[in-house]
Amino acid sequence: MSTPEQITANSSTSNQPATASASSSELHASGGSTRGGTSGGGTRGRKPVWSESTAGILFGIGAYSLWGLLPLYFLALQPAGAIEIVANRVVWSLIFCALLITVTRAWRVFGAAVKDRSVFGPLALAAGLIAVNWLTYTFGVTTGHAVETSLGYFINPLVSVLLGVFVLKEKLRPLQWAAVGIGFIAVGVLTFSYGQLPWIALILAFSFGLYGFVKKRVGPKVDALTSLSVETVVLAPLAGATMIVLGASGVATLTALGPGHFWLLLASGVITAVPLLFFGASARRLPMTTIGLLQYFAPILQFIVALAVFNEAMTTARWIGFCVVWLALLVLTVDMLRTAKKNSSLKKKARIAAAAGA
């Protein structure tokens, strides 16, 4: 999985959700109509806004649903292990990105990003973080810990709040503090239920949160396709070497289990890129509040797949722990919606005041 900061649908736009949010807000603010127009004209003006919002929601659901159903793909790849899956994912993603760069004629942009230290350095760090995230996630799913991997992405929004406090020195609102406190209680309950720290979930949450933080800092300087391409370039030598070692040692499954398995592993490049493109299309059309709500689709689906398909056990203590996590997310979501409503109201009043002054 990847962060919202990573995405746009093409190489000519910024991958910042804030940019997408701003453009979406402008559409809503204008109402798609002009002053003094007829009601029919107003209706025609508003129609694109409704269509764009609807498309954005559908693209967002598509992206998060694909990420949420990713464990089923790993199931289909058995008996391939986590290391082989991630190595193939990196190599074939790089090839797919190269094809996209060729089609969009963006090699010059890619070259500029590689030469710019202020871009390449953070992206190299991001590549290391996403590699840790992918390896941990794939290991968790393929070793019977799919429930715990879903927990990691449930916790992730709370980690993002903590990063805001300790790294960006942001001040939290009361409900945010409450959500973080409830989250710590949840980790305590889950530690008791597992008999140890839920380390898979915590590694996923923190690696993903730090990855998103790094991507957000470099976001205005590079688009999503270039960003993903640079990251895969950084990881490709190690991934390629891993594939060679696995093949030489006779444990690689790429060519050992027939054409179906071979093409499934090759498809990892497309399976990595398509949700990113869907998210990019969504982020350009929707405000961040809506994106924030849609993001819960992925861990919810992962949780359902873990229970219904992988038949993983949930003890009473784990159910209690998950319920506490969900309570924290509910508090965080209420705070997000209240803040978004307040900001929208302030912007509306500012527009009215500006119109009156004019």
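Going by a ≥ b ≥ c, the root eigenvalues of the Cα gyration tensor, does the stretch 93-150 fall in the rounded group (a/c under 1.5), the prolate group (a/b larger than b/c) or the oblate group?
Numbers: a/c = 4.81, a/b = 1.97, b/c = 2.44.
Since a/c reaches 1.5 but b/c is at least a/b, the shape of the stretch 93-150 is classed as oblate.
Distance between the modelled labels on Thr255 and Leu69, one decimal in nanometres: 3.2 nm (7 Å Cα→Cβ projection).
Expressed as a whole number of Å, what is the distance separating the alpha-carbon centroids of the stretch 304-333 and the stretch 255-294? Taking the Cα centre of each part, the stretch 255-294 and the stretch 304-333 sit 25 Å apart. A simple charge model with +1 on the Cβ of Lys and Arg, -1 on the Cβ of Asp and Glu and nothing else charged puts the dipole of the stretch 196-314 at about 460 debye relative to its Cα centre. Taking a point 7 Å out from the Cα of Thr143 in the direction of its Cβ, the residues of the stretch 66-97 whose backbone N falls within less than 20 Å of it are 70-90.
In this model, which of Lys221/Lys348; Lys115/Lys347; Lys216/Lys342; Lys115/Lys169; Lys215/Lys341; Lys216/Lys341 are farther than 29 Å apart at the alpha-carbon? Intermediate results must be reported in sequence, preceding the final value.
On the way: Lys221/Lys348 31 Å; Lys115/Lys347 40 Å; Lys216/Lys342 24 Å; Lys115/Lys169 31 Å; Lys215/Lys341 27 Å; Lys216/Lys341 24 Å.
Too far apart for the 29 Å limit: Lys221/Lys348; Lys115/Lys347; Lys115/Lys169.
Each of Pro237, Thr253, Leu294 was scored by the projection of its Cα onto the charge dipole of the stretch 224-358, and the greatest displacement toward the positive side belongs to Leu294; charges sit on the C-beta of Lys, Arg, Asp and Glu. Relative to the current alpha-carbon distance between Ser345 and Ile61, full extension at 0.36 nm per residue lengthens the span by 99.5 nm. Computed from label points 7 Å out along Cα-Cβ, the spacing between Thr191 and Ala317 is 1.3 nm.
Order of 201-214, 166-179, 110-123, 299-312 by packing, highest average Cβ count within 10 Å first? Walk me through the intermediate numbers first.
Values: 201-214: 23.0, 166-179: 13.4, 110-123: 15.7, 299-312: 17.6.
Packing proxy ranking, top to bottom: 201-214, 299-312, 110-123, 166-179.
Label-point separation (nm) for Phe184 and Ile244, each offset 7 Å from Cα along Cα-to-Cβ? Going from the Phe184 label point to the Ile244 one covers 4.9 nm. Sparse packing (at most 15 other Cβ atoms within 10 Å of the Cβ) combined with a DSSP loop state is found for none of the trypsin sites (Lys or Arg not before Pro) in the stretch 252-358. Going 7 Å from the Cα of Leu327 in the Cα-to-Cβ direction, what parts of the stretch 159-187 have a backbone nitrogen less than 12 Å from that spot? Residues passing the 12 Å test: 179, 181-187. Name the shape class, rounded, prolate or oblate, that the alpha-carbon gyration tensor gives for the stretch 225-358, where a ≥ b ≥ c are the square roots of its eigenvalues, rounded holds for a/c under 1.5, and otherwise prolate holds if a/b is larger than b/c and oblate otherwise. Oblate shape, in that a/c is at least 1.5 and b/c is the bigger or equal ratio.
Every number here is computed from the coordinates shown, using simple stated rules; none is lab data. Predicted model, so just to flag it, every value in this text is computed and none were measured. Cβ: placed from backbone, ideal geometry, glycine included. Neighbour counts: every protein chain shown.
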